[in-house]
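To keep things clear, I will list the structure first and then write my remarks on it.
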Amino acid sequence: MFKKSLILSAAVLVILAFTGCHRNQGPKRAEPVELMSVQELYSKGETFLAKGRTTTARKYFDQVTLREDAGELKDKATVAIADSYYEDGTVDAYSEAISRYHSFLAFHAMHPLAPYCQYRMGLCYFREMDRPDRDITPAQAAKESFRRLIENYPNSEYVADAKEKSAEADNILAAHEIYIGDFYLKSGHPKSARARYQKVLEAYPNYWNIPLVTFRLAEAEKQDGDFENARSHYEKVMALNPDSQMAREAGKN
């Protein structure tokens, strides 16, 4: 009986030893990972960008820019990274996008994507525009970016929209001058007010409310004692918008 127990114990030890050896063979060798092609990486980036997953999209576009076999997709991925920041829609992201678009233009001014980058720079500034009584720097920068697009790439598909948005930027800039002119007029500084209103008429002739600017200029001239020019501008108001309350007010002067 004792002999049989000894034999059985030995057999169990052999089995355990075998099992232990099998378990301690270490981790299995990882299966080889197949590298994605440049086109696949770029397509993945596009898919995630379309879904608004900009951070993930950037990871794929970054990989494309680092590949030696990227070819023309390297430039497209570089611009796409800037696009991803544009889509983030924050002030810091717009700043980063502008920097990347500008960098691309600096080295690829004649690239097929150059007009697009110039247009997108303008859009970044355009999206940052605020009320006329706030910082007008974005409106000025937007207008300048669109101007460069129109002058440097006149046949671009983005020119028409750039002209429309440039006009909107002009309205902000004109309204800013009117805002300051109104402050001067109300505070008894008619000469400074006249300068602001006159600037609007000269620099922004397509401003949407020229009759208002003309009326305010006449008011400033009247306050400044220049009755002759004031009368002339009152008459222009009546001619520009004869049925308005301003025209009726102008007619009293």
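Values computed for the structure shown
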item: Flag for A17 being at pLDDT below 80 and either among the aromatic types (F, W, Y) or on the phi < 0 side of the Ramachandran plot (or both); result: yes
item: Residue tally, condition open to solvent by 50 Å² or more (accessible area, probe 1.4 Å) and either in contact with a Ser or Thr (Cβ under 8 Å, 6 or more places away or on another chain) or of a type in the set (S, T, Y) (or both), over the stretch 134-149; result: 3
item: Whichever residue in the stretch 188-229 is part of a helix (DSSP H, G or I) and among the aromatic types (F, W, Y) and, among such residues, is least open to solvent (accessible area, probe 1.4 Å); result: Y197
item: Criterion: within 20 Å of the chain's Cα centre (by Cα) and under 22 Å from F126 (Cβ atoms) - qualifying residue of E46, E96; result: E96
item: Residues (modelled with pLDDT under 95 and assigned to a helix (DSSP H, G or I)) located in the stretch 67-92; result: V91
item: Residue count for the stretch 93-133, restricted to those that are among the small types (G, A, S) and crowded, with 18+ Cβ neighbours inside 10 Å; result: 3
item: Selection within the stretch 68-92 - under 11 Å from the mean Cα position of the chain (by Cα), surrounded by fewer than 18 Cβ atoms within 10 Å (Cβ to Cβ) and not small (G, A, S); result: E87, D88, T90, V91, D92
item: Where a residue in the stretch 90-112 is more than 13 Å from V79 (Cβ to Cβ) and of a type outside the set (A, V, I, L, M, F, W, C) and its partner, wherever it lies, is open to solvent by 50 Å² or more (accessible area, probe 1.4 Å) and not in a helix (DSSP H, G or I), with Cβ under 8 Å and at least six apart; result: Y94/E128
item: Residue that is farthest from S84 (Cα to Cα), among those in the stretch 32-66 that are of a type in the set (A, V, I, L, M) and outside any helix (DSSP H, G or I); result: V33
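The values are calculated or read from the model by the stated rules, or taken from the named source; none is laboratory data. Only a predicted model underlies this, so the values are computations on that prediction, with no experimental measurement involved. Glycine gets a Cβ as well: all are built from the backbone with ideal geometry, and neighbour counts include every protein chain shown. For accessibility, only protein heavy atoms count, side chains too; no ligands or nucleic acids. Shrake-Rupley method; radii C 1.70, N 1.55, O 1.52, S 1.80 Å.
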